[in-house]
Amino acid sequence: MIKLFWILPTLFVLNAKAQVKKDSVFLTRNDLVGVWQRNYKEVGNGLAQNFRFFRDSTFEVHFSDFGDDVRDTRELKGTYRLVNKKLYLTIRSRVVYVDSKITISESSEDANIFDVTGTRKEIPEPDPKEYPVPISITVAGKGKIMLDNETYYKLTKDEIKNEGIDPTGF
């Protein structure tokens, strides 16, 4: 009876630890590295908004790969820090189009009615600081994460290559 008294609590504690470990799914930095596209598992006519996380703890947010109507800001660049289920970002620069010209798309296959053309220019942020409010990051399945309430899907190496993205750093 005394042995049973010690064995049952030990089994209970071991089972509780196993459940905590199983339920605590944290994305590692190595898991995060790559290109993550918002809302779409497959790449269609150009990439949708996407995050690109690099091994050196830098990131880029690309709002799209095509003319994207009349948006001048195309990318944000910076550094990231991953702590458990929180993603901390520091924006160091943004990429904009200067001397831009708005035109009507020539092809009926374009995703947007308008295109923006111009000179691409990277503008450093004057005083970059880590944002104090992190983005919540949750594993939602294989190759699928939630950044706050937005769904992102990880691109395969072939998809990255097919989109003309330099795979260096991933």
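Quick notes on this one:
- Which numbered condition P167 misses (of (1) closer than 14 Å to F59 by Cα; (2) surrounded by 13 or more Cβ atoms within 10 Å (Cβ to Cβ); (3) in contact with a Lys or Arg (Cβ under 8 Å, 6 or more places away or on another chain)): (2)
- Scanning the stretch 140-149 for residues that are at pLDDT 95 or above and either under 20 Å from D56 (Cα atoms) or assigned to a strand (DSSP E or B) (or both) yields K144, I145, M146, L147.
- Look at the stretch 137-165: where a residue is on the phi > 0 side of the Ramachandran plot and a partner is of a type in the set (V, I, T), sitting 6+ places away or on another chain with Cβ atoms under 8 Å, you get D148/I135.
- Summed over the stretch 125-139, the residues that are assigned to a strand (DSSP E or B) and either among the basic types (K, R) or surrounded by 13 or more Cβ atoms within 10 Å (Cβ to Cβ) (or both) give a count of 5.
- The residues in the stretch 76-91 that are crowded, with 16+ Cβ neighbours inside 10 Å and farther than 13 Å from L27 by Cβ can be counted, and the count is 7.
- Number of the exception - D158 against (1) acidic (D, E); (2) surrounded by 15 or more Cβ atoms within 10 Å (Cβ to Cβ); (3) under 22 Å from the mean Cα position of the chain (by Cα): (2)
- Residue match in the stretch 115-124 (condition: surrounded by fewer than 14 Cβ atoms within 10 Å (Cβ to Cβ), among the polar types (S, T, N, Q) and assigned to a strand (DSSP E or B)): yes
The values are calculated or read from the model by the stated rules, or taken from the named source; none is laboratory data. The structure presented is a predicted model; accordingly, all values stated were derived computationally and were not measured. Note: ideal-geometry Cβ built from the backbone for every residue, glycine included; neighbour counts use all protein chains shown.
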